[in-house]
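Beneath this line is the structure, given in structure tokens, with notes to follow.
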Amino acid sequence: MSDPVRRAPRSAAVVAATVLTLAATASTTPLDAQSSAAKPLRARISTTSYGVPHIRAADLAGAGFGMGYAYAAADLCTVADRWVTVRAERSRFFGAEGRRDARQAVTNLQSDFYWKWILDQDLIGKDLRQPPPAGPTPEARDLVRGYVAGYNHYLARIGVANIPDKRCRGQAWVRPISEQDVYLRALHTSMLTTSRWIGPTVDATAPGSTAGSPPSRSEEPAAPRLTMSNVVALGRDATDNGRGMVFINPHWRWHEPERFFEVHLTVPGVLDVYGGTFPGVPAVLLGFNRNVGWSHTASVPKRETIYQLKLIPGNPTSYEYEGAPRAMTPRTVTVTVRENDGRLTSRQHTFWETHFGPVIATAGFAWTGSNAYAVRSATMSARWLNQHAGMMMARSAEELDRAGRNYLALGWLNTVAADDQGRVIYGDRSSVPHVTDAMRAACVSSDLGKQLWNQQQLIVLDGWRKDCEWGTDPDAPVPGIFGPKRLPMLDRWDYATNSNDSHWANHAHQLLEGYDQIVGDERTQRSLRTRAGLAKIERRLAGTDGHPGNKFSLALFEAITMNNAVISGEMWRDAVVTHCRTLPIQQGIPEACDVLAAWDLSDNLDSRGAVLWRRFMEHVSPGAQPDLDLFTTPFDPKNPVTTPSGLNTANPRVTRALVMAVADLRVSGIPLAARLRDYQIEERAGRRLPIPGGSMSTGQYNLIAQTESGWVPGKGWRNIAHASSFVAWVQYTDKGPVARSVLASSQSDNPDSPHHADQTALFSAGKSKPVLFEEAAIRADPNLKVVEICRTATGATCR
């Protein structure tokens, strides 16, 4: 990627504004009152090109204040929908049977029942009444308090009827928020993987009950597809100046409330951090500060276990525990529903709770007269805000990792970091249930439990034995999870990386082994994308990648990580072409052989053959790692980067996949030598933007994982759902960090925003932008706009 074309000269002056008082209708709760501060909240928001807000304040509450205001100004409607979810009000406004979109796995009514259950348990209130590490730190409380005030300040200033975004303008479901809403949003983020159990939790109805609730599901909920993201941290032995570098590339959602937002927070002497965050979250989740840069990838440890319950004969709501009966606890919740005729009615549902957690029901986990099943999760907490507050203020990779060790609160993420001294650290600093291999062997006694472990590593423990309760480590911040000594870590001076495989091979020459299997698999085949990332690094350090020298510069880092090379093509293209030329002449053959022979082995926009190759790979092996019977050289755990290898063309799937790929294109009128730019398209703001990169099945490092359409004959792939998102390259220098970035999904999901497609167009063109980190660079931006906001503790305007 290269610099975008220079923009027009500096526009007119800085705009100064003082926002109006918070509306009297703003939602207040005891949480707000408990955390109120006497002094005013102040922030300066300097918005630069591409709509990036740089927020400067005297304290953390002021930084949160500016962040909440800036986000609301940029994309309020996107997060307003999420507030409706965590308040259990989707059915009230959108109807019981609706879904936000096709990706919402449960109906609005199921979602509302579940979140009302969370609310009625006072789960957030219980957390807030605890001291750290379980409860929020003062820093996290200040950020939340400020964020709420800033969001509400913007809403009061603009008024619901005047919101620029027509998606929610004038809607009754857009209201001021409370601190509880933000903590619930944080909980929602933490339990992203556990959310697959929402439906089964709501579906659980006691045998013989006539209470109205949705019927049990016919299938077990699939594990969420969190197989996407790349991070590379380089240390002093790998960079051209001996200081750290970080490549940040979460493959994430381009739309809906989980999309990334680019922001810069500065509190002089306390905090100076730039990066990406989620809507409604008062923290930078991945990025860099003056001393250390980091990113996350989805990690593989299991976050929950199922407990099988032996029920007391004749009483399906009591279960055996250590030879004695225990009664389940019923909890009935009530939600408001807008019926089809517009009337508001009330509906109720009863949850059944055990000391492990709620009872669930699916076809496989049926609640019968003799057995029931409960789920226990390690992610039902918002304490990860403490962890990210500490990470944002860290002054080294060690301090950043210490924040992880202190809280172990990330619900589903690895962390990889590099600092200005050239130190690199990888660690799984997430919440992992304390289930050792020995305990699993002793406590998974049922046939169902053994089957589910073998098939999907889902743990079903005996629920009638005390010795099958989760254990606790002395170094764990909260009970029931592994402490940091049981979790994997790398501490090096050359590199660490991860692309969503387990901890085992995040460095080609330091394989991490001996951890309990709940943490992740070891000595197993890596995905093609993991292998691609490791190969890029190893070739550079060996000086065999065709570039001068054997170290990374910032420019080379960007070029190598985003060159769109296709590792499956590098491995197999020649064998496929040779095999293709042996096939009988038929429609599309030998033309397809010639197209693939001439293909440049990339997913660049003008690559001819990339479309044909992707369809071949999607037919031959659609997953992240090809089946082992497709290779000629088997997997060798001593060589995870280069094995398995070779294509077994004797496998009939190879011929069948090639013929099917050719037919896909020919039948739908797509040339076999089609350019990618014509068939991978994002449509926004009235523009058709071609998108470089490729699919998981090809091993493409610049992953375009999911499109809203999937493959469409005659059109290709349309509208990106899940792909490279906030992409950044950071290098530490003697003068501080230097960085480039591109938010591929752009800053706002509002179709009418000027920042709905501007960075998407940059990404389409293979370009990035310089990150404006220093104050002088921010002030020099030709599109700079400045807003100063202030609010007293009583909600009055101040200057």
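The values are calculated or read from the model by the stated rules, or taken from the named source; none is laboratory data. From a predicted model like this one, the values you see are computed outputs, not experimental measurements. Heads up, the Cβs are rebuilt from the backbone with ideal geometry, glycines too, and the neighbour counts pull from every protein chain shown. When the accessible area is computed, the model is the full protein with side chains, heavy atoms only, and any ligands, DNA or RNA have been set aside. Shrake-Rupley method; radii C 1.70, N 1.55, O 1.52, S 1.80 Å.
Checking the conditions here, which among Ser746, Ser764, Ser741, Ser768 is of a type outside the set (Phe, Trp, Tyr), open to solvent by less than 10 Å² (accessible area, probe 1.4 Å) and within 18 Å of Ile681 (Cβ to Cβ)?
On the way: Ser764 fails: open to solvent by less than 10 Å² (accessible area, probe 1.4 Å); Ser741 fails: within 18 Å of Ile681 (Cβ to Cβ); Ser768 fails: within 18 Å of Ile681 (Cβ to Cβ).
Testing whether each residue is of a type outside the set (Phe, Trp, Tyr), open to solvent by less than 10 Å² (accessible area, probe 1.4 Å) and within 18 Å of Ile681 (Cβ to Cβ) leaves just Ser746.
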Check: of a type in the set (Gly, Ala, Ser), open to solvent by less than 40 Å² (accessible area, probe 1.4 Å) and not in a helix (DSSP H, G or I) - does that describe any residue in the stretch 512-524?
Finding: yes
Note to self: Just to be sure I understand, how many residues within the stretch 643-674 are touching a helix residue (DSSP H, G or I) at 6+ places or on another chain (Cβ under 8 Å) and either modelled with pLDDT under 95 or surrounded by 14 or more Cβ atoms within 10 Å (Cβ to Cβ) (or both)?
What the structure shows: 22
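If I filter the stretch 546-569 for residues that are among the basic types (Lys, Arg), farther than 23 Å from Ser695 by Cα and open to solvent by less than 50 Å² (accessible area, probe 1.4 Å), do I get at least one hit?
no
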Note to self: Can you find a residue that is open to solvent by 20 Å² or more (accessible area, probe 1.4 Å), of a type in the set (S, T, N, Q) and either under 17 Å from Pro250 (Cβ atoms) or in contact with a Pro (Cβ under 8 Å, 6 or more places away or on another chain) (or both) anywhere in the stretch 698-720?
What the structure shows: yes
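Across the stretch 206-218, which residue is modelled with the lowest pLDDT among those that are under 12 Å from Ala361 (Cβ atoms), open to solvent by 40 Å² or more (accessible area, probe 1.4 Å) and assigned to a loop (DSSP other than H, G, I, E, B)? Let's see the steps before the verdict.
Narrowing the stretch 206-218 to residues under 12 Å from Ala361 (Cβ atoms): 206-207, 209, 213-218.
Pick out the ones that are also open to solvent by 40 Å² or more (accessible area, probe 1.4 Å) and you get 207, 209, 215-218.
Filter again for assigned to a loop (DSSP other than H, G, I, E, B), leaving 207, 209, 215-216, 218.
Values: Pro207: 92, Ser209: 71, Pro215: 45, Ser216: 43, Ser218: 40.
By that ranking, first place goes to Ser218.
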Check: Looking at the stretch 286-299, which of the residues that are surrounded by 24 or more Cβ atoms within 10 Å (Cβ to Cβ) and among the aliphatic types (A, V, I, L, M) is farthest from the chain's Cα centre (by Cα)?
Finding: Val292
Margin query: Suppose the filter is touching a strand residue (DSSP E or B) at 6+ places or on another chain (Cβ under 8 Å) and assigned to a loop (DSSP other than H, G, I, E, B); does Phe351 pass it?
Written below: no
Next item on the list: Test Asp600 against the stated conditions and say whether it is open to solvent by 70 Å² or more (accessible area, probe 1.4 Å), assigned to a loop (DSSP other than H, G, I, E, B) and farther than 21 Å from Ala532 by Cα.
Entry: no
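For residues that are of a type in the set (Asp, Glu) and surrounded by 15 or more Cβ atoms within 10 Å (Cβ to Cβ), scanning just the stretch 675-697, find the one that is farthest from Gln586 (Cα to Cα).
The initial filter retains those residues of the stretch 675-697 that are of a type in the set (Asp, Glu), namely 678, 682-683.
The next check asks that each one be surrounded by 15 or more Cβ atoms within 10 Å (Cβ to Cβ); those that pass are 678, 682.
Numbers: Asp678: 26, Glu682: 34 Å.
Restricting to residues being of a type in the set (Asp, Glu) and surrounded by 15 or more Cβ atoms within 10 Å (Cβ to Cβ), the top hit is Glu682.
Quick check on my filter: what residues within the stretch 638-664 are within 33 Å of the chain's Cα centre (by Cα), within 22 Å of Glu570 (Cβ to Cβ) and not β-branched (Val, Ile, Thr)?
From the stretch 638-664, those within 33 Å of the chain's Cα centre (by Cα) are 638-645, 657, 661, 664; that's our starting set.
Restricting the remaining residues to those that are within 22 Å of Glu570 (Cβ to Cβ) gives 638-645, 657, 661.
Correct list: Lys638, Asn639, Pro640, Pro644, Ser645, Ala657, Ala661.
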Notebook entry, point to check: Counting only residues that are in contact with a Phe, Trp or Tyr (Cβ under 8 Å, 6 or more places away or on another chain) and of a type outside the set (D, E, K, R), which one in the stretch 661-688 is farthest from Ala565 (Cα to Cα)?
Noted result: Ile670
Checklist line | Given (1) farther than 30 Å from Ala233 by Cβ; (2) among the aromatic types (Phe, Trp, Tyr); (3) touching a strand residue (DSSP E or B) at 6+ places or on another chain (Cβ under 6 Å), index of the condition Tyr426 fails | finding: (1)
Check: Where in the stretch 682-726 are there strands (runs of 3 or more DSSP E), lying fully within it, with 2 or more residues that are within 20 Å of Asp752 (Cα to Cα), at pLDDT below 95 and of a type in the set (Asp, Glu)?
Finding: none
Next item on the list: Filter the stretch 374-412 for residues that are open to solvent by 20 Å² or more (accessible area, probe 1.4 Å) and more than 18 Å from the chain's Cα centre (by Cα) and give the result.
Entry: Arg376, Ser377, Gly390, Met393, Arg395, Ser396, Glu398, Glu399, Arg402, Arg405, Asn406, Tyr407
Notebook entry, point to check: Which is open to solvent by less than 10 Å² (accessible area, probe 1.4 Å), in contact with a His (Cβ under 9 Å, 6 or more places away or on another chain) and either within 30 Å of Leu458 (Cβ to Cβ) or in contact (Cβ under 8 Å) with a residue 24 or more places away in the chain (or both), of Ala186, Ala140?
Noted result: Ala140
Check: Is there any pair linking a residue in the stretch 459-470 that is closer than 16 Å to Ile481 by Cα to one that is open to solvent by 10 Å² or more (accessible area, probe 1.4 Å) and in a loop (DSSP other than H, G, I, E, B), with Cβ under 6 Å and at least six apart or on different chains, and which?
Finding: Trp470/His434
Notebook entry, point to check: Can you pull out the residues in the stretch 618-639 that are exposed (fewer than 14 other Cβ atoms within 10 Å of the Cβ) and part of a helix (DSSP H, G or I)?
Noted result: Leu628, Asp629
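Which residue, of Ala382, Ala394, is in a loop (DSSP other than H, G, I, E, B), of a type in the set (A, V, I, L, M), touching an Asp or Glu at 6+ places or on another chain (Cβ under 9 Å) and at pLDDT below 95?
Working: Ala394 fails: at pLDDT below 95.
Every option except Ala382 fails the conditions.
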Notebook entry, point to check: What is the residue count in the stretch 314-324 for residues that are assigned to a strand (DSSP E or B), under 17 Å from Trp367 (Cα atoms) and open to solvent by 40 Å² or more (accessible area, probe 1.4 Å)?
Noted result: 2
Next item on the list: Provide a single number: the residues in the stretch 721-738 that are open to solvent by 10 Å² or more (accessible area, probe 1.4 Å) and either in contact with a Leu (Cβ under 7 Å, 6 or more places away or on another chain) or on the phi > 0 side of the Ramachandran plot (or both).
Entry: 3
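How about the stretch 429-447: which of its residues are in contact with a strand residue (DSSP E or B) (Cβ under 7 Å, 6 or more places away or on another chain), in contact (Cβ under 8 Å) with a residue 24 or more places away in the chain and surrounded by 17 or more Cβ atoms within 10 Å (Cβ to Cβ)?
If we filter the stretch 429-447 for residues that are in contact with a strand residue (DSSP E or B) (Cβ under 7 Å, 6 or more places away or on another chain), which is where we start, we get 429-435, 443-446.
Checking the rest, the ones that are also in contact (Cβ under 8 Å) with a residue 24 or more places away in the chain come to 429-435, 443, 446.
Those that are in contact with a strand residue (DSSP E or B) (Cβ under 7 Å, 6 or more places away or on another chain), in contact (Cβ under 8 Å) with a residue 24 or more places away in the chain and surrounded by 17 or more Cβ atoms within 10 Å (Cβ to Cβ): Arg429, Ser430, Ser431, Val432, Pro433, His434, Val435, Cys443.
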Checklist line | Unique match (being assigned to a helix (DSSP H, G or I) and free of Cβ contacts under 8 Å to residues at least 60 places away in the same chain) among Lys116, Lys126 | finding: Lys126
